[in-house]
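Chemist: Have a look at the structure that comes next, please.
The values are calculated or read from the model by the stated rules, or taken from the named source; none is laboratory data. These numbers come from a predicted model, not from an experiment. Note that each Cβ is placed from the backbone with ideal geometry, even for glycine, and that neighbours are counted across all protein chains shown. With ligands, DNA and RNA removed, areas are computed over all heavy atoms of the protein, side chains included. Shrake-Rupley method; radii C 1.70, N 1.55, O 1.52, S 1.80 Å.
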Amino acid sequence: MPGKLLIVDSIATNRIVLKVRLSAAFYEVFQASDAHEAKALLEQSRPDLVLINGHLTDCDSLEFCAQIRKLVGFAHVPIVLLVAKPDRAYRIKALKAGVTDVLVRPLDDLVLLARLRSLIRTHASAEEHKLRESTNQVLGLAEQVEPFQSQARILLAAPDAQTSVRWKAHLRPMVPFHLATQLLGEAMGAVRQMEVPDVFVIAVNENNPDLALRLLAEIRAGKSTRHSGILVVLAEEHRRLLADALDLGANDVMTEGFDPEEMALRLSTLVQQKRLADRLRDNVQTGLQAAVTDPLTGLFNRRYALPHLERISKQAVHLKRHFAVFLVDLDHFKAVNDQYGHAAGDAVLAETARRMRENLRPVDLVARIGGEEFLVALPDISAEDAQAFASRLCRLMRERPVSLKGDESSIPVTMSIGATLGGACRTDLTVDRLISEADRALYDAKLHGRDQVRFCEMPQ
C-alpha cells in the first residue's frame, strides 16, 4: 500500500472524483466533508498526507492547517492545499501557515501522483528514523544534547552567471544561509568533489532542460550528496518536467519560476527537514554501533531487537496495519562447526547475515539473537508477501553453498523459518506471544524436515 491519504473537501463531487483517482493508484483514501469531521479522522486513520480544499464550509482552510500542525504527531505530516486558480499571495500565505504545497485544479494525474509519491517518501523516511531513535531513547543510547549547527549552505545552480547573481542578490536579505552559485554545466562535473550543500537549487535551462534532470540524478546517486535537499525551479513552459524531477528525487518544485519570497520559505523548510534527518540518522548510527550490534555479523543484537519490535508492534496496531515476525535457524549448524571448524562456522553466520540484509527492505529489522538464530520483523506486510519473503530467504541459502576464503571447499547450508503475523489482525497479542508463536512454528519446520517455512497462524 503506497500510503494513507485524507481528503477534506466540502464538495462531495470533488471528494468522490479524487478518491477514485487516488484509489486507482492504490492509496488508502479517507474522506471528510469539513474540518470537524476531519479532526476525528486524523486521530483514527493517522494519514501519511492530508489534501484540503482551499475553501471549507465550517473553517478557514489555512486556520485548519495551523490546527493540524498543533496535533500530536502531525507537526511534519505533509499538507497539500487544492485551489481553483493560481494566486501568488495566497500561496505565500499558505506556505507561511505550514502548508507543504499548493496545487491548482484541474489536477493533472501525472503531476499529482508524482507530488504525492515525493511527499510521502520524505515523510516515511523521517518517520522510520524517528521510530529507530525512540528505540535508542528507551535503551539510553540517544544523544540528548543538541549539537552545534553551522550555517546552512545553499548552492544555486543556474544556467548562466547573470541568473545566479540576480537570484543570490534577491535571496541574501531574506535567508540566514550561506549562498553559493555555480553554473549547471560546471555543477555536473563537480558534484562529487564539492563541499556538500544542505540544499541544491536547480534552475531548468530553457535551451537544455534535460541538463537539470541529469544533475538531479547525479546528486541523488552520489554518496556524499544523496541526503541533500533539492529544490527545482521550473518555468511554466517546462511543467512537463515536474513529474520527472519529483520521481528522480527532488524534494520540492517551484512551477512558476523564481520568486525570492517563495523560495526563501521553501528553502527554510528543506533546511529544517535536512537538519532533522541528519540528527536522527546520526543518533541512530552513533548510539547503536557499540552497544547493540553483533560484532561477528554486523546485525543488531537481542538488546536492540526486542525494544524495536515492541515499537513496530505498537505502530502497526496504531496505524491498523500488519507486520510479520520470523525466527530463523540454520539447520545442522553444530555439524558445520564439528566438520569444518569454528572459523568456518563464523564465516557461515556472517554470510547468512549478509544475504538476509541484502534481500530485505531498509525498513525491515534483522537481528542475531542466539548462536545460529536470527529474528526478522517486516512492518506493513501481508501474509502472502511475508510467505514469499521467507521462502526467498530459504532459497537463497539452499541454492548457493557458502564459500570459504582461501579454501576451495564450500559448505551447503539451509535454514528453517517459523513465522507469524501481528498488528491490526491480532491486536491482543504481545510481542512475547508473537515470538513464542514463531518459535513453535520454527520447531514445526524442523520437525517436518527442515529447509522450509511454517506459519504458526494466518490472519482470518
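Chemist: Just by accessible area at a 1.4 angstrom probe, what is the order of D329, D109 from largest to smallest?
Modeler: Working: D329 25, D109 75 Å².
The ranking, largest first, comes out as D109, D329.
Chemist: Follow-up. What ranking of M356, M174, M188 comes out by heavy-atom accessible area, probe 1.4 Å, highest first?
Modeler: Values: M356 0, M174 85, M188 50 Å².
The ordering from most to least exposed comes out as M174, M188, M356.
Chemist: For E256 and R226 in one chain, what is 0.36 nm times their gap in residues minus the Cα-Cα distance, to one decimal in nm? Kindly include the intermediate steps, with their values, before the conclusion.
Modeler: Details: separation 30, 0.36 × 30 = 10.80 nm, distance 2.59 nm.
Stretched out fully, the E256 to R226 stretch lengthens by 8.2 nm.
Chemist: Quick one: ranking K96, K4 by accessible area, 1.4 Å probe, largest first, what do you get?
Modeler: Working: K96 130, K4 5 Å².
So the residues, ranked largest to smallest area, are K96, K4.
Chemist: Sticking with this structure for a sec: Quick check: residue separation of R440 and A424 times 0.36 nm, minus the Cα distance between them. What number comes out in nm? Numbers along the way, then the final one.
Modeler: Details: separation 16, 0.36 × 16 = 5.76 nm, distance 2.16 nm.
Stretched out fully, the R440 to A424 stretch lengthens by 3.6 nm.
Chemist: For the pairs K405/K446; K314/K446; K19/K96; K4/K320, note any where the Cα-Cα span goes beyond 21 Å.
Modeler: Numbers: K405/K446 30 Å; K314/K446 30 Å; K19/K96 28 Å; K4/K320 11 Å.
Where the Cα-Cα span goes over 21 Å, the pairs concerned are K405/K446; K314/K446; K19/K96.
Chemist: Next question. At a probe radius of 1.4 Å, what is the per-residue accessible area of H448, in Å² to the nearest 10?
Modeler: Near enough 100 Å² of accessible area.
Chemist: Nearest 10 degrees is fine. How inclined is helix 383-398 to the longest principal axis of the chain, computing both from alpha carbons?
Modeler: So the helix axis and the longest Cα principal axis differ by about 60 degrees.
Chemist: Ok, one more. Which shape class, rounded, prolate or oblate, goes with the range 215-374 when its Cα gyration tensor gives a ≥ b ≥ c as root eigenvalues, a/c under 1.5 marks rounded, and past that a/b bigger than b/c marks prolate?
Modeler: Working: a/c = 2.86, a/b = 2.43, b/c = 1.18.
Note, shape of the range 215-374 comes out prolate.
Chemist: How many nm separate the modelled label positions at E310 and A25, each set 7 Å beyond the Cα in the direction of the Cβ?
Modeler: If labels sit at E310 and A25, their model points lie 3.8 nm apart.
Chemist: Counting every Cα pair in the range 3-42, what percent are over 12 Å apart? Present the calculation step by step, with values, prior to reporting the outcome.
Modeler: Numbers: 395 of 780 pairs.
I get 51 percent for the Cα pairs in the range 3-42 exceeding 12 Å.
Chemist: Here is a further query. Once you place label points 7 Å from the Cα toward the Cβ at A161 and R281, how far apart are they in nm?
Modeler: That separation, rounded to one decimal, is 3.4 nm.
Chemist: Tell me, what HN-Hα J-couplings in whole Hz come from the Karplus equation 6.51 cos²θ - 1.76 cosθ + 1.60 at θ = phi - 60° for each residue of the range 312-324, using x for Gly and Pro?
Modeler: 4, 5, 5, 5, 5, 5, 5, 8, 6, 10, 9, 9, 10
Chemist: Next question. If you average the C-alpha positions of the range 20-39 and of the range 393-447 separately, how far apart do those two centres end up, in angstrom?
Modeler: Spelled out, the Cα-based centre of one part sits 39 Å from the other.
Chemist: Quick one: compute the contact order of the range 292-423, relative version, from alpha carbon pairs under 8 angstrom and 6+ residues apart, as a percent. Could you put the intermediate results ahead of the total?
Modeler: On the way: 198 pairs, mean separation 47.9, N = 132.
Relative contact order, the range 292-423: 36 percent.
Chemist: Give, in nm to one decimal, the length gained when the segment between Q151 and A124 is fully stretched (0.36 nm per residue of separation minus the Cα-Cα distance).
Modeler: Working: separation 27, 0.36 × 27 = 9.72 nm, distance 2.66 nm.
Fully extending the segment from Q151 to A124 adds 7.1 nm.
Chemist: Please list the equivalent ellipsoid semi-axes of the chain, computed as the square roots of five times the alpha-carbon gyration tensor eigenvalues, in descending order and whole angstrom. Each step should come with its number before you reach the end.
Modeler: On the way: eigenvalues 395, 162, 75 Å².
So the equivalent ellipsoid measures 44, 28, 19 Å along its semi-axes.
Chemist: Using a Förster distance of 51 angstrom, determine the FRET efficiency expected from the C-beta separation of E186 and L296, and round it to 0.05. Intermediate values should be presented prior to the final figure.
Modeler: Numbers: r = 46 Å, r/R0 = 0.91.
Plugging the Cβ-Cβ distance into 1/(1 + (r/R0)^6) gives 0.65.
Chemist: With every protein chain present, what accessible area does T255 have (1.4 Å probe, heavy atoms only), rounded to the nearest 10 Å²?
Modeler: 30
Chemist: Shifting gears a bit: Suppose we keep just the DSSP beta bridges with both residues in the chain; what percent of those would be antiparallel, to 5?
Modeler: Values: 24 of 63 bridges.
If I count the DSSP bridges inside the chain, around 40 percent turn out antiparallel.
Chemist: Using DSSP to call loops (not H, G, I, E or B), can you name the GluC sites (Glu not before Pro) in the range 383-450 whose Cβ has at most 10 other Cβ atoms within 10 angstrom? Present the calculation step by step, with values, prior to reporting the outcome.
Modeler: Numbers: sites: E384, E399, E408, E437; in loops: E399, E408.
In loop regions of the range 383-450 (DSSP not H, G, I, E or B), the sparsely surrounded GluC sites (Glu not before Pro) are E399, E408.
Chemist: Below 8 Å, C-alpha to C-alpha, sequence gap of six or more: please give me the relative contact order for the range 1-105 in percent. Could you put the intermediate results ahead of the total?
Modeler: On the way: 174 pairs, mean separation 26.1, N = 105.
Averaging sequence separation for qualifying contacts and normalising by length gives 25 percent for the range 1-105.
Chemist: Also, quick follow-up: Against the longest alpha carbon principal axis of the chain, how many degrees, from 0 to 90 and to the nearest 10, is the axis of helix 431-447 turned?
Modeler: Value to nearest ten degrees: 50.
Chemist: Could you tell me the relative contact order of the chain? Use alpha-carbon pairs under 8 Å, at least six residues apart, and round to a whole percent. Before the final figure, lay out each step's value.
Modeler: Numbers: 767 pairs, mean separation 46.1, N = 460.
After rounding, I find 10 percent.
Chemist: Nearest 10 degrees is fine. How inclined is helix 61-70 to the longest principal axis of the chain, computing both from alpha carbons?
Modeler: Approximately 40 degrees, to the nearest ten.
Chemist: I've got another one for you. For the range 358-460, give me the percentage of DSSP beta bridges that are antiparallel, rounded to the nearest 5 percent. Kindly include the intermediate steps, with their values, before the conclusion.
Modeler: Working: 7 of 10 bridges.
Counting DSSP beta bridges with both partners in the range 358-460, the antiparallel share is about 70 percent.
Chemist: For the chain, what does the accessible surface come to per residue with a 1.4 Å probe? Please give it in Å². Show your work: numbers first, answer last.
Modeler: Working: 21460 Å² over 460 residues.
Accessible surface, normalised per residue, equals 47 Å².
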